[in-house]
Amino acid sequence: MLEKVKSLLSDAAVYWKKPPKGRYVNYRSIFSYSVGGIGFYCIMFIYNIINVTSTNVVISNATGIGPEELLVMQYATFFINIFFTGIRAKIIDSARSAKGKYRPYILSMGIPTAVVSCAMVWMPYTKFESLAVRWIIAFTLNLALQFFYNFMYEAYENLIFVMSPNTQERADITSVKSVVYSFAPTVLSPLVPLLVNWMKLDDMYDIRIYQALFPPTAIIGIALTILVFAYTEENIVQAKTHVVQVRFFDALRAVAKNKYFWIISLAGWVGFLESNNTYILGWLYNYAKMCTDDQYALITLISGNAALWGMLGAPLAIRRWGKKKVLIVTNIFNVLFIALMWPSINLAHSIWLVLICVYMNSLVGSFAHILTPTVNADIRDYQHYISGERIDGMFAAVGLIGALISLATGTVTPAIFDKFGINSKNGYPNAFDILKYEPDTLSTLINLLILLSVVGAALNVIPYFFYDLSEIKQRGMVKILKIRALFEDFGNGVSRDADLVEVVDLIRSSREAAAAEPYVLSKDFIKEAKKSGDRAEKRAARKEYRRRREFNEEIEVSKIVLAELDKFSDPFYIAKLERAKRICAAGISGVLTADDRILAAAKEMPKKTELQKRIRKDCIDEAKTQLRSKRIALKYYPDGIPEFDTSVFKTLFDESDRLSQERRMAFEKQDIAKKAHDTAECERLRALLKNNAEAKKANEKAIKEKSAEHSVWTRSVKAYSDAVKLVAQERDYDRFEEIEALYDDAKARNDAAIEAAAAAERKLAAERKAEKEALRAAKKQKKK
């Protein structure tokens, strides 16, 4: 164990700023993403307490608004959130900033989230006698909270999707992040019962607890999230010349073909009842009084630590068995441990046995903390693979379909609560006080919630049996995306030496691996090694088995890659390419000649064999795209469709990068000038930064205007541009020998560039060291 720790520290020192070979993320980014996660989860802890739902006891008690009125507020917020989600998705997917897709919003949305959260608990609702006024105030604050928090949440949680295209690396980073950020709920959760005791209160839902807890938690949270913004990077596999501009309905049509998105979404929709078990432990403490305040603080501390082991074990389980098997097995265990809560309460009457059930359920459930982001990242890779567009933000917008379903299913629990008398008409000061004074109601309701949770957990596991996006398939897709990006850039004359070298190496190694003979995997030699009793021999046998398995996997990945390069010899792609050539031959003006006959002809195509069905479906999709393009073109370009020069974006993006670099350098020089007390240099740099900001604003405005023009033009000529891309891809794939001929020179230049960058970094480090020593010497001299 000590050796592993030493090895980890040694690796961290070596790879602090540069990632290990075959990986994309350096250790500083992992550290910042993880420790910054503590700050994010401090904000999430606050949000989970005050997020308005019909079952939120804290908000109900603080505002005097009953569950029925809170349900109306929840519905109203949901429908307005649809608009917010569309805005958020469009902003994220159209982003082309040096700061990235997600990083800029972690701070810009995190600070207002913290401010609004504190305002929600400090607002003096009771000073307003009118229920309508209290409702409007709470609704307005909740609406602001939803806008800011959801933007921040999506920015932080989805950042892992673009930090690395390597699925196992994403799982490993998520595991580290999850273990580190769990420190936040582990520390914060026990504070609630402890504050109940220290403040001499008798109710864990008293608003005064949260008035004391929220401000310091929010400040710590924002301070730590700065690390995420400052020291993480995004690595998206995409052509440098690719211009992103995605509309909601375009994204919806694209995602509609992503079967994995619907499988994972369905699992959440049918398993909505599972979360009902989360009320039980708190109710047994607060209403049934089955333990003291101090005991409940210990219980929350213990249950909060359960997730640690699942988050540590998840990457190892994924590496050994794959995501699908881990998803199925952990969800089956969820059903078992939730069911065991019933005898723990009704037969043993012990909150400690319930704690064991909750602990084990949390342990296996915490695998989802790793599985969910890695599966979602793989699904986005698949979307990029099948559609050619990276539409991360629009997944949230398309997910509103599921939110509508959740809105309907979300009425089940409030309806049950109402049936049991949890409403503003039950005669008690607060709606949930009925659970305190009527133990039979509490007991019956808890048993029902356990039953509903078991049913929900059982339904949740079913869709995962249909999930077949394996780790091998994902690795193949990422390599294909790299190949497509390189060939697209090469065709446009903007390929980078580093990309060319990487892709040529990738294709060469794929050809070599695909020609190799796979091993017949057997564990017989491991069994023989175990019989020998020699530990070294057993370790060597297990290592050899892993090597053989990985070798076989590499062969499968290589076959996927080569199938992409050889796809134009496939009958399906031969037919598709012929259609594309006909569309290209008609030119852009041909978009306006499409009519309903092409769709009718596509529907009349034969469909006896699997190949015929596939070609027919593709022809129908293409015909619909042609007709859609024609409608848009007639609307915006009635006099004919003009050409659009996309090279303008390269100019604008290069200028944006130049201004960002100039700004960074100016800030570094400004710091040096301030330390040297060089007033003239400080003034010059201040003027430079002012001009830089004005130029950047003008450049961003130009990008926005050109992006809007390009969006309209792209939709107008989509059928034509899709055909052009396919024809160009077939042509470029035939140019591999030409690309390979450039390999030696490109590799030499790339190696030289790497060495020059390393030398520049060493020089800068030496200059900084000399600067520090000079400043120390000057300070000592000043003291003398």
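Looking at Ser558, Ser522, which is the one that is touching a residue at least 40 places away in the same chain (Cβ under 8 Å), small (Gly, Ala, Ser) and either within 28 Å of Lys482 (Cβ to Cβ) or part of a loop (DSSP other than H, G, I, E, B) (or both)? I'd like the intermediate steps shown before the answer.
On the way: Ser522 fails: touching a residue at least 40 places away in the same chain (Cβ under 8 Å).
Every option except Ser558 fails the conditions.
Checking Lys323 against (1) among the charged types (D, E, K, R); (2) under 24 Å from Val187 (Cα atoms); (3) open to solvent by less than 10 Å² (accessible area, probe 1.4 Å): exactly one of these is not met. Which one?
The number of the failed condition is (2).
If you check every pair at least six apart or on different chains, which have Cβ atoms under 7 Å apart with a residue in the range 647-669 that is more than 27 Å from Ala765 (Cα to Cα) first and a residue that is assigned to a helix (DSSP H, G or I) and open to solvent by 60 Å² or more (accessible area, probe 1.4 Å) second?
Val648/Lys706; Phe649/Lys706; Leu652/Lys706
Just one of the numbered conditions (1) over 30 Å from Ala594 (Cβ atoms); (2) modelled with pLDDT under 85; (3) open to solvent by less than 30 Å² (accessible area, probe 1.4 Å) is not true of Ala666; which one?
(2)
Hey, Glu129 hits all of (1) over 30 Å from Ser707 (Cβ atoms); (2) in a helix (DSSP H, G or I) but one; which does it fall short on?
Result: Glu129 fails condition (2) only.
For Ser303, are the conditions met, namely being part of a helix (DSSP H, G or I), free of Cβ contacts under 8 Å to residues at least 24 places away in the same chain and over 28 Å from Thr167 (Cα atoms)? Quick ask: steps written out before the conclusion?
On the way: part of a helix (DSSP H, G or I): yes; free of Cβ contacts under 8 Å to residues at least 24 places away in the same chain: no; over 28 Å from Thr167 (Cα atoms): yes.
Spelling it out, it is not the case that Ser303 is part of a helix (DSSP H, G or I), free of Cβ contacts under 8 Å to residues at least 24 places away in the same chain and over 28 Å from Thr167 (Cα atoms).
Report, by residue number, each residue of the range 51-66 that is surrounded by fewer than 23 Cβ atoms within 10 Å (Cβ to Cβ) and over 17 Å from Trp283 (Cα atoms).
Answer for the range 51-66, where residues must be surrounded by fewer than 23 Cβ atoms within 10 Å (Cβ to Cβ) and over 17 Å from Trp283 (Cα atoms): Asn51, Thr53, Gly64, Gly66.
Just one of the numbered conditions (1) part of a helix (DSSP H, G or I); (2) within 30 Å of Val501 (Cβ to Cβ); (3) open to solvent by 60 Å² or more (accessible area, probe 1.4 Å); (4) at pLDDT below 85 is not true of Leu9; which one?
Of the numbered conditions (1) part of a helix (DSSP H, G or I); (2) within 30 Å of Val501 (Cβ to Cβ); (3) open to solvent by 60 Å² or more (accessible area, probe 1.4 Å); (4) at pLDDT below 85, the odd one out for Leu9 is (2).
Taking into account only those residues within the range 155-207 that are modelled with pLDDT under 80, open to solvent by 20 Å² or more (accessible area, probe 1.4 Å) and under 16 Å from the mean Cα position of the chain (by Cα), which is nearest to Leu371 (Cα to Cα)?
Gln168
Could you tell me which numbered condition Glu643 fails, if it satisfies all but one of (1) open to solvent by less than 80 Å² (accessible area, probe 1.4 Å); (2) under 21 Å from Ile588 (Cβ atoms)?
(1)
Are any residues in the range 274-291 open to solvent by less than 40 Å² (accessible area, probe 1.4 Å), more than 17 Å from Ile422 (Cβ to Cβ) and not in a helix (DSSP H, G or I), and if so, which ones?
Once the filter is applied, which keeps residues that are open to solvent by less than 40 Å² (accessible area, probe 1.4 Å), more than 17 Å from Ile422 (Cβ to Cβ) and not in a helix (DSSP H, G or I), the range 274-291 yields only Cys291.
Restricting attention to the range 14-68, which residues are hydrophobic (A, V, I, L, M, F, W, C), in a loop (DSSP other than H, G, I, E, B) and in contact (Cβ under 8 Å) with a residue 40 or more places away in the chain? First the steps, then the outcome.
Restricting attention to the range 14-68, the residues satisfying the condition of being hydrophobic (A, V, I, L, M, F, W, C) are 14, 16, 25, 30-31, 35, 38, 40, 42-46, 49-50, 52, 57-59, 62, 65.
Among the residues that remain, those that are also in a loop (DSSP other than H, G, I, E, B) are: 16, 25, 52, 65.
Val25, Val52, Ile65, listed by residue number.
What number goes with the only condition from (1) open to solvent by 70 Å² or more (accessible area, probe 1.4 Å); (2) of a type in the set (Asp, Glu); (3) within 30 Å of Arg631 (Cα to Cα) that Glu730 does not pass?
Every condition holds for Glu730 apart from (1).
For Leu107, work out the one condition from (1) among the hydrophobic types (A, V, I, L, M, F, W, C); (2) in contact (Cβ under 8 Å) with a residue 40 or more places away in the chain; (3) more than 30 Å from Lys704 (Cβ to Cβ); (4) part of a helix (DSSP H, G or I) it doesn't fulfil.
Every listed condition holds for Leu107 apart from (3).
When you check Leu224 against the structure, is it modelled with pLDDT of 85 or more, of a type in the set (A, V, I, L, M) and open to solvent by 10 Å² or more (accessible area, probe 1.4 Å), yes or no? Full working, then the answer.
Values: modelled with pLDDT of 85 or more: yes; of a type in the set (A, V, I, L, M): yes; open to solvent by 10 Å² or more (accessible area, probe 1.4 Å): yes.
When the stated conditions are applied, Leu224 passes them.
The values are calculated or read from the model by the stated rules, or taken from the named source; none is laboratory data. Predicted model only: the values in this text are computed from it and were never measured. Quick reminder, even Gly has a Cβ in these numbers, built from the backbone with ideal geometry, and neighbours come from all protein chains shown. Heavy atoms of the whole protein, side chains included, go into the accessibility calculation; ligands, DNA and RNA do not. Shrake-Rupley method; radii C 1.70, N 1.55, O 1.52, S 1.80 Å.
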